[in-house]
Amino acid sequence: CFVFNQDKYFKTLEEAKLVFPDSEVNWETCPALKMDDLVADVKEEIKKDHNVIVVEGHLALNFAPLIELYDATIFITLSHELALKRRLTRCYDPPDGPGYFENVVWPAYFLILEEVKG
């Protein structure tokens, strides 16, 4: 089994500010990640003899070129309480600003979930 962690593909703050020049960086969207790099890396691993390749992350089912590579998908849901608890145990660079979880992360989770269901 080979696992890709989406978090390893986030752009640097400087790169992300180029995508979001007039607003705060929204790290819960595909433009905040190097999605083309992730797709290329997954394609390289597909060429190898892996029984299972896992692409983990909240946007792993939100980018068509990546989705086209999957044989199966799983979206694991979680409660607000658990999501917040997990978020608070992680270290982000840059760190979340005040209200980021409630105003950005949690609403983005539902937008992504709706897209996945659709």
**Request:** Pull up the range 58-98, narrow it to residues that are part of a loop (DSSP other than H, G, I, E, B) and of a type in the set (Gly, Ala, Ser), then point me to the one that is surrounded by the fewest Cβ atoms within 10 Å (Cβ to Cβ).
**Result:** 72
**Fill in**
Expected single match for of a type in the set (Gly, Ala, Ser), out of contact with any helix residue (DSSP H, G or I) (no Cβ under 6 Å at 6 or more places or on another chain) and at positive phi among 57, 99 is 99
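Any idea which of 55, 42, 105 is assigned to a helix (DSSP H, G or I), touching a strand residue (DSSP E or B) at 6+ places or on another chain (Cβ under 9 Å) and β-branched (Val, Ile, Thr)? Don't jump to the end; show me each part of the working.
Details: 55 fails: assigned to a helix (DSSP H, G or I); 105 fails: touching a strand residue (DSSP E or B) at 6+ places or on another chain (Cβ under 9 Å).
Checking each option against the conditions leaves just 42.
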**Asked** Failed condition for residue 37, given (1) under 14 Å from the mean Cα position of the chain (by Cα); (2) surrounded by 13 or more Cβ atoms within 10 Å (Cβ to Cβ), with all others met?
**Response** (2)
**Asked** Given (1) open to solvent by 50 Å² or more (accessible area, probe 1.4 Å); (2) modelled with pLDDT of 95 or more, where does residue 42 come up short, assuming only one miss?
**Response** (1)
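Filter the range 56-91 down to residues that are of a type in the set (Ser, Thr, Tyr) and either touching a residue at least 12 places away in the same chain (Cβ under 8 Å) or within 13 Å of residue 26 (Cα to Cα) (or both), then give me how many there are. Give the derivation first.
Here is the first cut: in the range 56-91, the ones of a type in the set (Ser, Thr, Tyr) are 70, 73, 77, 79, 89.
Now drop any that are not either touching a residue at least 12 places away in the same chain (Cβ under 8 Å) or within 13 Å of residue 26 (Cα to Cα) (or both), which leaves 70, 73, 77.
Residues in the range 56-91 being of a type in the set (Ser, Thr, Tyr) and either touching a residue at least 12 places away in the same chain (Cβ under 8 Å) or within 13 Å of residue 26 (Cα to Cα) (or both): 3 in total.
The values are calculated or read from the model by the stated rules, or taken from the named source; none is laboratory data. Remember, predicted model here, so these are calculated numbers, not experimental data. Because the Cβ atoms are built from the backbone with ideal geometry, glycine has one as well, and the counts that use them run over all protein chains shown. For accessibility, only protein heavy atoms count, side chains too; no ligands or nucleic acids. Shrake-Rupley method; radii C 1.70, N 1.55, O 1.52, S 1.80 Å.
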